[in-house]
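Below: one structure, written as structure tokens.
The values are calculated or read from the model by the stated rules, or taken from the named source; none is laboratory data. This structure is a prediction, so every number in the text was calculated from the model and none was measured. Counting neighbours? That spans all protein chains shown, and the Cβs are built from the backbone with ideal geometry, glycine included.
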Amino acid sequence: MSSTRQHFDEEIEELRRKLLRMGTATEEMVRDAVVALVRQDLALAESIIPRDDVIDQMDQDIETHCLLLLARQQPMASDLRVIGTALKVITDIERIGDHAVDISKIAVRMGKEMLYKPLVDIPRLGEMSRAMLHDALEAFVHRDMARVEKVIADDDAVDELYRQMRQDLRVAMQQDPGSIVQASYLLFVAHYLERICDHCTNIVERVAFMETGRMKELHSAEAANLRLSAA
């Protein structure tokens, strides 16, 4: 192996490490946003907003790294797919961070007011979205097609839970006018978590492209129908 190729491989490995750090930090934001909402921890909720600035900086740093690799090296087709995938993946991760901020802002708005019912489905959906993000990141770093398939399968369960949550929250608003404001906030939270899962499926679609050289949408028809009904 030439020293030039070895150096390039090291740069690609560093790119993976940077992306994993960005993804892990975002995964922690999602976890903390849901915890802040469920526990009504305003200090934790408010701490998430400035952390998004760190994610944005990581996004810019990785983008610069990718562009420098393209400018300074002569990557092969497989290398180009890795770099192109990284550029796409950081966009999805950055948007996941934005949704974590959205959830934390709702936690602040709801404050310490008494919940009209214990939150059960929100933390469950939050854990599912966090786990999907973890698996999506592992799929990229380890080029793991088994995790790609797992994320796609898990998204079906998320869509089913989200559909049920929307129905339950709408029924609650119809039956108890006093719950309308709070249930509306929770409906937004459920939507943000479902969108996080969609970004996770975007990530693994790019990983599949990186590994196979073929771009194919892996979202299920059920997920597509759900997005149309929510529009």
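Some points to look at:
- Failed condition for residue 168, given (1) more than 17 Å from residue 125 (Cα to Cα); (2) modelled with pLDDT under 95: (1)
- Pair list, Cβ < 8 Å and 6+ apart or interchain, from the range 128-150 residues that are more than 19 Å from residue 25 (Cβ to Cβ) to residues that are assigned to a helix (DSSP H, G or I) and of a type in the set (Gly, Ala, Ser): 128/157; 145/139; 145/208; 147/136; 147/139; 148/139; 148/208
- Count of the range 31-55 residues which are within 14 Å of the chain's Cα centre (by Cα) and farther than 22 Å from residue 113 by Cα: 2
- Some residue of the range 102-122 being touching a residue at least 12 places away in the same chain (Cβ under 8 Å), in contact with a Gly (Cβ under 7 Å, 6 or more places away or on another chain), aliphatic (A, V, I, L, M) and in a helix (DSSP H, G or I): no
- For the range 130-173, the set of residues classified as of a type in the set (S, T, N, Q) and touching a helix residue (DSSP H, G or I) at 6+ places or on another chain (Cβ under 9 Å) consists of 164 only.
- Unique residue being among the β-branched types (Val, Ile, Thr) and modelled with pLDDT of 95 or more when the list is 141, 151, 181: 151
- Failed criterion for residue 117 (all others in (1) basic (Lys, Arg); (2) surrounded by fewer than 20 Cβ atoms within 10 Å (Cβ to Cβ); (3) at pLDDT 90 or above hold): (3)
- Test result for residue 69, assigned to a helix (DSSP H, G or I) and either without any contact (Cβ under 8 Å) to a residue 12 or more places away in the chain or farther than 27 Å from residue 190 by Cα (or both): yes
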